[in-house]
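Comments concern the structure below.
Coordinate-derived values only; no laboratory data. Quick caveat, the model's predicted, so the values are computed rather than measured. Positions of Cβ are generated from backbone atoms using ideal geometry, with glycine treated the same way; all protein chains shown enter the neighbour counts.
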Amino acid sequence: MTNIYSEPVIELLCELIGRPSITPDDAGCQVLLAERLTELGFDCETLQFNDVTNLWARLGTESPVLCFAGHTDVVPPGNKDGWSSPPFEPTFAGDLLYGRGAADMKSGLAAMMVAIEDFLAAHPSHRGSLALLITSDEEGRARDGTLRVMDTLGDRGEHIDWCVLGEPSSQHALGDIVRIGRRGSLSGMLTVHGVQGHVAFPQHADNPIRRFAPVLAELHEIQWDEGNEHFPPTSFQVVDIRAGIGAPNVTPAELSARFNFRYSTEWTHESLQEKVETVFAGHDIEYELNWHLSGEPFLTEPGRLIDAVSEAIHEETGNAPELSTGGGTSDGRFISPAGTDVVELGPINASIHKINEHVKVEDVITLTKMYRRIMELMLL
Ligand SMILES: [Zn+2]
C-alpha cells in the first residue's frame, strides 16, 4: 500500500505550508515553484511591484496559451492558541492535512505544479503554451498582484486564452462547484452635510439623519434586477452608518455611511452609480459620494474550457459540477477582461480563512489528476 502522505503533490504542499507567507509576503514559495518550472524548460520571470512578488512562467511561444493561476499569500493565522497544531507546520490528522493555506490555496498551487510535471513527462510535444501566473497579493490589497501582471502582459501583447484558477471552489465534495464568473463589487462612501443644533430647536438645525433616511428607504425598496441565467439578483447592502456627537441633546452636522453592491452582468459600475445618483437627486439632500470599484462582474461563456473542466471532474468523481458565479471576488476579475476564459476549480472551501484550516489529502491528489486531464483535453 502506498502512503498518500508521501505523494509528490502532498510533499510539495507541506513545503509550501511551511513557508509563512502572510500577505503580501511570498516567503520563498514562488522560488520553490520557479526552480521546478525552470527545470521543465519554463521561462520564469519575477515581477516585483512594491512589496508584492509575482511570478509569470511560460513554456512555449505558440498559441493557444493555457494558464494556471493562483496566489501564494495567505491570511494571518489569527489566535495561534486556537489552532490544534501550529498554523505553519503542516500536520496530518487522519485523512486531513492542517495548516494556514492548506485549502486557500496552496493545495491548488501544489496540484498545478505536479500536474504540469506529470503532463509534460507524458506529452513533451503538446500544442500551444503552458503558463503560470502566481501572485502574493490576493488576500491583501490586490493592487500590485495579478492586476499589474495582466497590465504588463497586455503592454507586451501577450495573450492568455484559457485560465484555470486554483481557488477553493468546492463546497461539499471536490469538484461539486466550479466558478465560471463572479459578481461585481462596487462600494459607495457617503457623507451627508447638515447643520448641528440643539435637539429642542430643530428649526435652527438641519439634521443629516433625517435627510438621509428617505433616500436609504428608497434605495432599499429598489429591485435592482432579478438576476439572470448565470447571476443571482443584484444586492444592495449598507455596511456602516454613523452620525451623532455623543450628546443626547445635540443633532449632528454630518452623517457618513458606507454601502456595497454585489451586482450581476445586468449592470456596469457606471449604470449603477448613475441610478443611485438619480435617487439622491430626487431628494433635498446635500451630500458627497465617492465610489470604489473592486471589480466588474465577469462571466466565462460555455465553451471548450468549461467543457474540459466539467469532463475532467466527471471522469474523477462521476458527477457534473454546478457552474456557479457565487462567492466573493477573486483575481479572475483581473484576468477575464483581457478576453480570457477563466474557470476556478479547487478544493473544499469550508475551512478557508478559519482557525484549523485543512484539506482532505485525497482531494489534493485527485485535484492534481483533474488539472492534468484539463491540459490533455486542451493541449493535445
Ligand atoms: Zn484564495
Once you have the Kirkwood Rh of the chain from its Cα pairs, apply Stokes-Einstein at 20 °C and 1.002 mPa s and quote D in µm²/s. 95 µm²/s
Write down the percent of antiparallel bridges among all DSSP beta bridges whose residues are both part of the chain, to the nearest 5. 70 percent
Dipole of region 335-375, positive end: most advanced residue of 361, 335, 351 [Cβ charges, Cα centre]: 361
Rounded to the nearest 0.05, what FRET efficiency do residue 289 and residue 123 have when you use their Cβ-Cβ distance and R0 = 56 Å? 0.55
Can you give the Rg/Rh ratio of region 252-332, where Rg is from the C-alpha atoms and Rh is the Kirkwood radius? 1.19
In whole Hz, what ³J(HN,Hα) sequence does region 127-132 give by Karplus (6.51, -1.76, 1.60; θ = phi - 60°), x for Gly and Pro? 8, x, 10, 10, 9, 10
Note down the magnitude of the dipole of region 214-330 about its Cα centre, charges +1 on Lys and Arg C-beta and -1 on Asp and Glu C-beta and zero elsewhere, to the nearest 20 debye. 460 debye
One would report the antiparallel percent of DSSP beta bridges in region 1-112, rounded to the nearest 5, as 90 percent
So for the pair residue 322, residue 141, with labels modelled 7 Å out along Cα→Cβ, what separation do we get in nm? 3.6 nm
If only Cα atoms are counted, what is the Rg of region 291-362, and what is its Dmax, in Å? 14.6, 45
Förster radius 25 Å - calculated FRET efficiency between residue 256 and residue 172 (Cβ-Cβ, nearest 0.05): 0.05
Where Lys and Arg each count +1 and Asp and Glu each count -1, what net charge lies around residue 5 among other residues with Cβ under 12 Å from its Cβ? -4
Which of the aspartates and glutamates could be linked to residue 275 by a straight reach, that is with a Cα gap under 18 Å, when you skip same-chain ones fewer than 8 residues away? 218, 221, 225, 226, 266, 284, 286, 288, 296
Give me the compactness ratio for region 182-307, meaning the Cα radius of gyration over 2.2 N^0.38 Å. 1.32
How high is the FRET efficiency between residue 241 and residue 96 when r is their beta carbon distance and R₀ equals 41 Å, given to the nearest 0.05? 0.45
Give me the dipole magnitude in Debye, nearest 20, for region 115-155 about the Cα centre, with unit charges on the beta carbon: positive for Lys and Arg, negative for Asp and Glu. 140 debye
Selection from 187, 246, 220 lying farthest towards where the dipole of region 184-296 points positive, charges on Cβ: 246
Considering Cα pairs under 8 angstrom that are at least six residues apart, work out the relative contact order of region 255-380 and quote it in whole percent. 27 percent
Check: C-alpha center region 213-279 vs C-alpha center region 154-174, spacing in Å is 31 Å
Projecting each Cα onto the charge dipole of region 111-259 (Lys/Arg +1, Asp/Glu -1 at the beta carbon, about the Cα centre), which of 164, 207, 231 comes out farthest on the positive side? 207
If a/c stays under 1.5 just call it rounded; otherwise compare a/b with b/c (prolate if a/b is bigger, oblate if not). Do that for region 1-150, with a ≥ b ≥ c from the square roots of the Cα gyration tensor eigenvalues. oblate
Connecting C-alpha atoms closer than 10 Å in a GNM of the chain, tell me which of 260, 207, 349 has the biggest fluctuation. 207
Excluding same-chain residues fewer than 8 positions from residue 354, which lysines have a Cα within less than 20 Å of its Cα? 80, 106
Rounded to the nearest 20 debye, what is the charge dipole size of region 1-53 about its Cα centre when +1 sits on each Lys and Arg Cβ and -1 on each Asp and Glu Cβ? 140 debye
